[in-house]
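The values are calculated or read from the model by the stated rules, or taken from the named source; none is laboratory data. Because the structure is a prediction, the values reported are computed rather than measured. Neighbour counts run over all protein chains shown; Cβ positions are idealised from the backbone, glycine included. Please note that ligands, DNA and RNA were not included when accessible areas were found on the heavy atoms of the full protein model with its side chains. Shrake-Rupley method; radii C 1.70, N 1.55, O 1.52, S 1.80 Å.
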Amino acid sequence: MGLSEMDAMCKTRTVLTLMGGVLNVAVSFLVFCFLDLVDLVLCFVYKVLDFCIESEWKKPGSCSKEAINGSGKIIVSEKGEIESEVVCLSSSRLQLEEISDTLYSRTSFVTEISKLTINELKNLKFDADILQSNDKIKKGTLRSTITVNSTIVKMLQGRMIGQHLYPVTRWSDCDCHFCNSWTYSTKDTLYVKAESPKDKAKEDVLFIHGFVSSSAFWTETLFPNFSSKAKSTYRFLAVDLLGFARSPKPNDSLYTLREHVEMIEKSVLEAYEVESFHIVAHSLGCILALAIAVNHPGSVKSLTLLAPPYYQVPKGESATQYVMRQVAPQRVWPPMAFCASVGGRYEHIARTVSLILCKNHRLWDFLFKLITRNKIRTYLLEGFIRHTHIASWHTLHNIIFGTAGKLDRYLDVVRDRLNCDVNVFHGKDDEVIPLECSYNVQKRIPRARVKVVENKDHITIVVGRQKAFARELEEIWKKSTRS
């Protein structure tokens, strides 16, 4: 092949790539405009259904806003209403900081177009309003406000007066024994799968799974493949996160970082009297692992992170909004980006998916086993479809998006105050969390070792190579014990 032919092929490839990018943007615009409208319609559909079935007129997250002002009162106002309903609450600012603004502030194509259309109409009035607001501020009659989602405010109300706002099981959630086993227990703790030697274990290992997963991600893969020596040395503790699998799924929880971490500490570290321990975490679980390490700097012996979602936020950008754009970029291609965009940006479409999959998980389990003739283990499917919509929606926003501004500090604490080994694993073919996230961790913690596993993705970084990974973990723990 001649040089001219190679140049022609390169130019053709460049043109096709450019055309594909333009086509992706154009199709994405049309598709997500349509989804904006669908989500808006579903918002009112669920509002009516919730009222008819649960006898309570709920305010879906995207349809109303509140403001918390300096007087400590919450002002509730529906769009289009002139007057506001005032609800008194003794809320603290710390609680509000834990709530990601992406829960109530997500850009959409339809709203952006609407804003551009009416901006010019508001320009004249805007100047007058600014002058009037400045006068009010000088006189002390206008106080600063923070916008907060209505569902969040109602949840805070319920928590402060010690009530559950919603029934233990909502009509759109599964009511089977597996999903609600926590309601039959007197213990208000997470489900923990523990495997320990007959004699007293010398060390403990805490396993934290990722988003829409379960402890089975570890117990069905790594636990059977640890060597007999490791099983006689370590006590393995794999936890189901709050809202997932067998753990409690309270509908009045906000599923904030603090709630997740405190439940792990209460259910594992305190319940099992853990003093020093190793941590192994995957995806979203890496954020919880870092928070726990920061809370217990003298107790963590090693930190192993798989596909940590750590995005470096450019200066001047809103951390939460930036990470949401990275995870859910509103593009139809690649397919993973489309799925993440729908699941992360459209509350009511996501609730519909949860209604179809999670509420009917027994049907999907049966069909899967029937099709595969029960030859394929379904633990990954079980973890994916056994949660509530409230749990998955709030955990995604409050942990993945909401902690974006905290991770720098957490990593700095691990770098400066912890002496433990830090190991990072990432599948080269991971389409969920980009490989650069692991290298970002290494930039923040220079001693961290990053291993890129060829031909493995977000799940197969463990599943399919569990024997090899079990050996790698044993080496990490052995080295940490010697040092």
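Looking across region 225-249, the residues that are out of contact with any strand residue (DSSP E or B) (no Cβ under 8 Å at 6 or more places or on another chain) and either of a type in the set (A, V, I, L, M, F, W, C) or surrounded by fewer than 23 Cβ atoms within 10 Å (Cβ to Cβ) (or both) come down to ASN225, SER227, SER228, LYS229, ALA230, SER232, LEU242, ARG246.
Within region 389-424, restricting attention to residues that are aliphatic (A, V, I, L, M) and farther than 30 Å from GLY343 by Cα, which residue is most open to solvent (accessible area, probe 1.4 Å)?
Top of the filtered list is VAL413.
Filtering region 171-193 down to residues that are out of contact with any helix residue (DSSP H, G or I) (no Cβ under 9 Å at 6 or more places or on another chain) and not in a loop (DSSP other than H, G, I, E, B), which residue is surrounded by the most Cβ atoms within 10 Å (Cβ to Cβ)? Filtering first and then ranking leaves TRP182.
Please indicate, with yes or no, whether at least one residue in region 347-358 is in a loop (DSSP other than H, G, I, E, B) and closer than 22 Å to SER214 by Cα. Yes; the residues of region 347-358 include at least one that is in a loop (DSSP other than H, G, I, E, B) and closer than 22 Å to SER214 by Cα. Listed here are the helices (runs of 4 or more DSSP H) enclosed by region 372-483 that have at least 1 residues being under 30 Å from ALA230 (Cα atoms) and without any contact (Cβ under 8 Å) to a residue 60 or more places away in the chain: 379-385, 407-417, 436-444, 466-482.
Residues in region 452-479 that are open to solvent by less than 20 Å² (accessible area, probe 1.4 Å), among the aliphatic types (A, V, I, L, M) and either out of contact with any Ser or Thr (no Cβ under 6 Å at 6 or more places or on another chain) or on the phi > 0 side of the Ramachandran plot (or both): 4 in all. Counting only strands (runs of 3 or more DSSP E) that sit wholly inside region 231-312, those with at least 2 residues that are within 23 Å of THR388 (Cα to Cα) are 234-239, 277-282. Among residues of region 13-40 that are closer than 18 Å to PRO329 by Cα and in contact (Cβ under 8 Å) with a residue 12 or more places away in the chain, those with a beta-carbon under 9 Å from a residue that is exposed (fewer than 15 other Cβ atoms within 10 Å of the Cβ) and among the hydroxyl-bearing types (Ser, Thr, Tyr) at least six positions away or on a different chain give the pairs ASP36/THR111.
If you go through region 322-333 one residue at a time, do you hit one that is open to solvent by 20 Å² or more (accessible area, probe 1.4 Å), farther than 26 Å from ALA281 by Cβ, touching a helix residue (DSSP H, G or I) at 6+ places or on another chain (Cβ under 9 Å) and without any contact (Cβ under 8 Å) to a residue 60 or more places away in the chain? Looking for residues that are open to solvent by 20 Å² or more (accessible area, probe 1.4 Å), farther than 26 Å from ALA281 by Cβ, touching a helix residue (DSSP H, G or I) at 6+ places or on another chain (Cβ under 9 Å) and without any contact (Cβ under 8 Å) to a residue 60 or more places away in the chain, one finds none in region 322-333, hence no. All conditions but one from (1) open to solvent by 10 Å² or more (accessible area, probe 1.4 Å); (2) under 21 Å from the mean Cα position of the chain (by Cα) apply to PRO297; the one that does not is (2).
Please indicate, with yes or no, whether at least one residue in region 141-152 is open to solvent by 80 Å² or more (accessible area, probe 1.4 Å) and at pLDDT 50 or above. No, region 141-152 has no match at all.
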